[in-house]
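Beneath this line is the structure, given in structure tokens, with notes to follow.
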């Protein structure tokens, strides 16, 4: 499924969607950045409540297909423009990490 | 490539938001040079973890990356406090990062373990109150993570 498909199916908010046709092949949920870098795989959707600028670098380096901020968390100032500049898909959801992960699991 | 390409970066110790800029730039260059995605991922994550360590613990430092056709070498050097017990620092979950760093999602005690995990060789040279140099090597087409 593409990131755009995920956004439309799950009614996600698109903060930045510069690569909407990227494929989502799996998922990872976590807020500790080194855990994400150690465990997330390329083309995962990364579910987190961490919203500072460092998530953009982590997403870029791990090759995840998108970041999804859960629980209605809003990105910090500057993060949206940084994501757009670095070609990182940044989405949002009102759902909990658990609820959203369960839904994505059914879709993949 | 007849000779290794060398890239040098100064890692700013005061700016946590820009931490990782050197790793992102190395990733871009390795892509241009045509390395495979998994090699690039391993090099850039290992280097990012090292950059973060220098920012958190040593107020910055320098990063040198040597790119050869069969090996990529990353040398991170700082003039920080040094590591008193390397075995302890290598343990997953052990961290001396302060609370403000943890609030950003760092300081989980996974940085050095990740650096070892994603590289084929890692050497730490450290002198208390003088500084630390970490040398990491990633061999091309010989990765331990497939």
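The values are calculated or read from the model by the stated rules, or taken from the named source; none is laboratory data. Keep in mind that this is a model prediction, so the values were computed, not measured. Note that we place each Cβ from the backbone using ideal geometry, even for glycine, and neighbour counts take in every protein chain shown.
Considering only residues that are within 13 Å of another protein chain (Cβ to nearest Cβ), surrounded by fewer than 17 Cβ atoms within 10 Å (Cβ to Cβ) and closer than 18 Å to residue B:139 by Cα, which ones fall in the stretch B:25-37?
B:31, B:36, B:37
Return the total of residues in the stretch B:90-144 being within 13 Å of chain A (Cβ to nearest Cβ), outside any loop (DSSP other than H, G, I, E, B) and surrounded by 19 or more Cβ atoms within 10 Å (Cβ to Cβ).
The number of residues fulfilling the criteria is 6.
Scan the stretch B:6-24 for residues that are away from chain A (no Cβ under 11 Å) and surrounded by 13 or more Cβ atoms within 10 Å (Cβ to Cβ) and jot them down.
Result: B:7, B:9, B:11, B:12, B:13.
Based on what the data block shows, is residue A:3 away from every other protein chain (no Cβ under 11 Å) and touching a strand residue (DSSP E or B) at 6+ places or on another chain (Cβ under 6 Å)? Spell out the reasoning first.
Working: away from every other protein chain (no Cβ under 11 Å): yes; touching a strand residue (DSSP E or B) at 6+ places or on another chain (Cβ under 6 Å): yes.
When the stated conditions are applied, residue A:3 passes them.
Pick from B:40, B:45, B:75: which is free of Cβ contacts under 8 Å to residues at least 24 places away in the same chain and closer than 20 Å to residue B:140 by Cβ?
Selected residue: B:40, the only one of B:40, B:45, B:75 that is free of Cβ contacts under 8 Å to residues at least 24 places away in the same chain and closer than 20 Å to residue B:140 by Cβ.
Scan the stretch B:79-97 and report the pairs whose first residue is free of Cβ contacts under 8 Å to residues at least 40 places away in the same chain and at negative phi and whose second residue is surrounded by fewer than 17 Cβ atoms within 10 Å (Cβ to Cβ) and not in a helix (DSSP H, G or I), with Cβ atoms within less than 7 Å and a gap of 6+ or a chain change.
B:88/B:94
Which of the residues that make up the stretch A:65-108 are in contact (Cβ under 8 Å) with a residue 60 or more places away in the chain, under 12 Å from the mean Cα position of the chain (by Cα) and assigned to a loop (DSSP other than H, G, I, E, B)?
A:65, A:75, A:88, A:89, A:93 - these are the residues of the stretch A:65-108 that are in contact (Cβ under 8 Å) with a residue 60 or more places away in the chain, under 12 Å from the mean Cα position of the chain (by Cα) and assigned to a loop (DSSP other than H, G, I, E, B).
Please state which of the following conditions residue A:27 fails to meet, knowing it meets all the rest: (1) buried (at least 19 other Cβ atoms within 10 Å of the Cβ); (2) farther than 24 Å from residue B:47 by Cα.
Looking at each condition in turn, residue A:27 falls short on (2).
Answer yes or no as to whether residue A:34 is outside any loop (DSSP other than H, G, I, E, B) and within 10 Å of chain B (Cβ to nearest Cβ).
Here the answer is yes, as residue A:34 does meet what is asked.
Taking the stretch A:19-29, which residues are within 14 Å of chain B (Cβ to nearest Cβ) and either in a strand (DSSP E or B) or under 11 Å from the mean Cα position of the chain (by Cα) (or both)?
Here is the first cut: in the stretch A:19-29, the residues within 14 Å of chain B (Cβ to nearest Cβ) are A:22-23, A:25, A:28-29.
Answer for the stretch A:19-29, where residues must be within 14 Å of chain B (Cβ to nearest Cβ) and either in a strand (DSSP E or B) or under 11 Å from the mean Cα position of the chain (by Cα) (or both): A:23, A:28, A:29.
So which of B:47, B:54 is within 13 Å of chain A (Cβ to nearest Cβ) and touching a strand residue (DSSP E or B) at 6+ places or on another chain (Cβ under 6 Å)?
B:47
Please go through the stretch A:85-101 and pick out each residue that is more than 17 Å from residue A:45 (Cα to Cα) and touching a strand residue (DSSP E or B) at 6+ places or on another chain (Cβ under 6 Å).
Selection gives nothing.
Out of everything in the stretch A:61-77 that is at pLDDT 95 or above and within 11 Å of chain B (Cβ to nearest Cβ), what residue ends up being surrounded by the fewest Cβ atoms within 10 Å (Cβ to Cβ)?
Within the stretch A:61-77, the match that is surrounded by the fewest Cβ atoms within 10 Å (Cβ to Cβ) is A:63.
Considering only the stretch A:36-52, state which residues are free of Cβ contacts under 8 Å to residues at least 40 places away in the same chain and either under 11 Å from the mean Cα position of the chain (by Cα) or surrounded by fewer than 20 Cβ atoms within 10 Å (Cβ to Cβ) (or both). First the steps, then the outcome.
Step one: list which residues in the stretch A:36-52 are free of Cβ contacts under 8 Å to residues at least 40 places away in the same chain, which gives A:36-44, A:46, A:50-52.
Answer for the stretch A:36-52, where residues must be free of Cβ contacts under 8 Å to residues at least 40 places away in the same chain and either under 11 Å from the mean Cα position of the chain (by Cα) or surrounded by fewer than 20 Cβ atoms within 10 Å (Cβ to Cβ) (or both): A:39, A:41, A:42, A:43, A:44, A:46, A:50, A:51, A:52.
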